[in-house]
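The values are calculated or read from the model by the stated rules, or taken from the named source; none is laboratory data. This is a predicted model, so every value here is computed, not measured. Cβ coordinates were reconstructed from backbone atoms using ideal geometry, including for glycine residues, and neighbour counts include every protein chain displayed. The area values use the complete protein model at the heavy-atom level, side chains included, leaving out ligands, DNA and RNA. Shrake-Rupley method; radii C 1.70, N 1.55, O 1.52, S 1.80 Å.
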Amino acid sequence: MKVGNNRIRLAWASIAHLRANKYLVFLIVCLLLALNLWGNNPAIGTPIILPIHLVGKSVFVEATVNGKTGYYLFDSGAPNLILNSQYFQNDDALLIETGLMGFNGEALTTKSLWVKAFSLGGISFESNYALLIDLSPMERIKHIRIDGIIGYEVIKYMVWKLDFDRKELQLMPSIAQHTSSPPTDSIDLYFSGHIPYIKVNLSGKRLRLGIDTGAERNLLQDKLLDSACFRQRGLLRMAGLTADEQRLRVGFVSNFSAGNLQADSLEVALADLRQFNAELPTRLDGLLGISFLKGHHIAISYQQSKLYFWRQPTENNFVAVEICAVGD
């Protein structure tokens, strides 16, 4: 069962709970936009290494909010810092009511607040803006306390690399300061809103796939490829933020490549991503999640718009399937 796939969009839906006049409302909204949601570019002097905690295929790291340390999902597909409303509801004055759309298309209403202090691996952030979401459905599935989700607005100033062999998250000011060997190659990184993506070849088609550390599985738009290119092996139950479930077909698609990064086949779950894409400036054909990232050594630099990787002697980590031809 899957919760971490949920993609969240910001939609300024209502400010009914803000007890101020319309001019104060206008000034606050302008201030939020001017601060780009996060008020400061944190100074990262040297590489920082954080232990990661794997719960299933979800990656959690420790962070501290308002003096309280807890576990946060590391999610490159989330737009911002998200806090579990079960634990932060009464911490600060609520500013604004916000509309949200989960990955499965469920409509939610939540609130947003200022965070007095946030730190990750010794890096401090100030004057931060966060979203409040009830993450209890995810907690019930994962059987752990989840204090929140760390998204794009937190990590965009850093180069990050997940090392599953060492169970580490490495944060660096630049790829030149990587603590071991330099990467063997790089791929251009693009953005659809806050979601990074790369252009890949899959079964003869050129596709845009997002890099999503919050997704346990690789996802592909259903009916995008010819049925002969998909070898089904079973069904997957996937839950959204409201714990509503979908059943998705899971299987293999042949011939994956992105630059010099290659695999004989890629395991994917077929999903309807139309609602997910409705709020994105560039349509994505799917997402590369933890099941892909665990098989490769990859780092992402938002500032350089690059995905770096380290090729291994035996690169292919997926089961091979029959090759099929698909026209564009």
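Consider Ile195 carefully, then state whether it is open to solvent by less than 10 Å² (accessible area, probe 1.4 Å) and in contact with an Asp or Glu (Cβ under 9 Å, 6 or more places away or on another chain). Don't jump to the end; show me each part of the working.
Numbers: open to solvent by less than 10 Å² (accessible area, probe 1.4 Å): yes; in contact with an Asp or Glu (Cβ under 9 Å, 6 or more places away or on another chain): yes.
Yes.
Matching residues to (1) among the β-branched types (Val, Ile, Thr); (2) within 24 Å of Gly151 (Cα to Cα); (3) within 15 Å of the chain's Cα centre (by Cα):
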| residue | (1), (2), (3) |
| --- | --- |
| Pro196 | no, yes, yes |
| Phe230 | no, no, no |
| Gly234 | no, no, no |
| Val253 | yes, no, no |
| Leu261 | no, no, no |
| Glu267 | no, no, no |
| Ser291 | no, yes, yes |
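For the stretch 46-90, give me each residue that is β-branched (Val, Ile, Thr), at pLDDT 90 or above and touching a helix residue (DSSP H, G or I) at 6+ places or on another chain (Cβ under 9 Å).
Within the stretch 46-90, Val55, Val59, Val65 meet the criteria.
Kindly check whether there is at least one residue in the stretch 209-223 that is of a type in the set (Val, Ile, Thr), within 14 Å of the chain's Cα centre (by Cα) and farther than 17 Å from Ala278 by Cα.
So the first thing to find is which residues in the stretch 209-223 are of a type in the set (Val, Ile, Thr), and the list is 211, 213.
Pick out the ones that are also within 14 Å of the chain's Cα centre (by Cα) and you get 211, 213.
After this cut, where a residue has to be farther than 17 Å from Ala278 by Cα as well, the list is 211, 213.
Yes, that holds for at least one residue.
What residue, of Ala13, Ala93, Ala43, is at pLDDT below 70, loosely packed, with under 12 Cβ neighbours inside 10 Å and within 24 Å of the chain's Cα centre (by Cα)? So that I can check it myself, show each step before the final result.
Values: Ala13 fails: loosely packed, with under 12 Cβ neighbours inside 10 Å; Ala93 fails: within 24 Å of the chain's Cα centre (by Cα).
Just one listed residue meets the conditions, Ala43.
Of the residues Ser180, Ser203, Ser257, only one is of a type in the set (S, T, N, Q) and open to solvent by 40 Å² or more (accessible area, probe 1.4 Å); which? Before you say what the answer is, go through the steps one by one.
Values: Ser203 fails: open to solvent by 40 Å² or more (accessible area, probe 1.4 Å); Ser257 fails: open to solvent by 40 Å² or more (accessible area, probe 1.4 Å).
Testing whether each residue is of a type in the set (S, T, N, Q) and open to solvent by 40 Å² or more (accessible area, probe 1.4 Å) leaves just Ser180.
May I ask you to verify whether Leu224 is of a type outside the set (Asp, Glu) and touching a strand residue (DSSP E or B) at 6+ places or on another chain (Cβ under 6 Å)?
Values: of a type outside the set (Asp, Glu): yes; touching a strand residue (DSSP E or B) at 6+ places or on another chain (Cβ under 6 Å): no.
The answer is no for Leu224.
Can you name every residue in the stretch 271-314 that is open to solvent by less than 10 Å² (accessible area, probe 1.4 Å) and more than 30 Å from Pro173 (Cα to Cα)?
Selection gives Ala271, Leu273, Asp285.
If a residue must be assigned to a helix (DSSP H, G or I), closer than 23 Å to Gly193 by Cβ and open to solvent by 40 Å² or more (accessible area, probe 1.4 Å), how many such residues does the stretch 135-167 contain?
Pass one, the stretch 135-167, residues assigned to a helix (DSSP H, G or I): 136-142, 152-155.
This time we only want the ones that are closer than 23 Å to Gly193 by Cβ, so: 138, 152-155.
Narrowing further to those that are open to solvent by 40 Å² or more (accessible area, probe 1.4 Å): 152.
Matching residues across the stretch 135-167 total 1.
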